[in-house]
Structures are given as structure tokens and as C-alpha cells.
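Values in this text are rule-based calculations from the coordinates and carry no lab data. Predicted model, so just to flag it, every value in this text is computed and none were measured. No Cβ is skipped: glycine too gets one built from the backbone with ideal geometry, and neighbour counts run over all protein chains shown.
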Amino acid sequence: MDYKVIFKDPFIEDLERIVRTIAADNPVAARSLGCQIIKLAENLGFFPERHPKVRLRPGVRRYIVKRYFKVFYRVQSESRTVEVLRCWDGRRESDPIL
């Protein structure tokens with residue numbers, strides 16, 4: 001990997017909340033979604049600047065999983081790290097404060 005990917009606590013809490021909510025109705029879908037979000041985040045170690053910047057949030061980028069789940073992250077070029085900041089369910093909530 002070119003960059004080290006760091007999962008911040010708010011991201012982990014967000015993902016746990018989303019997976020727990022979905023698991024109440026469909027545990028298999030919840031596990032699949034959680035795994036997909038984590039895998040895509042881990043892939044940010046390669047070409048982390050491939051996703052668009054978030055308007056009005058300097059230095060923050062975003063990718064979307066399954067049309068609704070937004071993952072926000074920041075690239076720290078000098079330390080060669082990617083900080084995965086938040087994961088948000090766009091169907092239920094407005095964007096998080098970063």
C-alpha cells in the first residue's frame with residue numbers, strides 16, 4: 001500500500017450503528033454492506049485522491065456505497081496516511097459535521 005489507512009473512532013461508531021440498524025431486518029445484508037464499506041476504505045491506500053472533494057469541507061473527500069452510504073475521509077500527503085472520518089446513511093441523516 002502506498003498510504004496507511006486509519007479508521008477514526010467516529011467512523012467505527014457510525015458503521016456499527018448502520019450495520020446494527022440493517023441487521024435488525026436482514027443480518028446477511030448488514031454483514032455484506034459492512035464488509036463492502038471496510039474493503040473500499042482499505043483500498044484508499046492506493047490512489048487515495050481518486051474520489052471527489054467535498055464542497056465547503058477543505059481537505060475532505062467522499063465516496064458512496066450502494067447509492068446511500070457516504071464515507072468521508074482525509075488524505076494526509078506528508079505522513080502518507082488516509083484518515084477515514086465518518087460513514088453516513090444518506091437516506092436517514094444529513095451529512096455529519098467533520
*Neighbourhood charge, 10 Å Cβ-Cβ cut-off, centred on Phe7 and excluding it, Lys, Arg +1 and Asp, Glu -1*: -2
*Before rounding to the nearest 500, sum -39500 (n - 2.57) across all DSSP H runs of length at least 4 in the chain and divide by the residue total; then give [θ] at 222 nm in deg cm²/dmol.*
-10500 deg cm²/dmol
*Give the total of Lys-Lys pairs in the chain with Cα-Cα distances below 20 Å; include a pair only if its members are 8 or more places apart or on different chains.*
9
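Can you divide the C-alpha Rg of the chain by 2.2 N^0.38 Å and report the result to two decimal places?
Relative to the 2.2 N^0.38 Å estimate, the chain comes out at 1.05.
Taking 8 Å as the Cα distance limit and 6 or more residues as the minimum spacing, I'd like the relative contact order of the chain as a percentage. Could you put the intermediate results ahead of the total?
On the way: 145 pairs, mean separation 32.5, N = 98.
Relative contact order of the chain: 33 percent.
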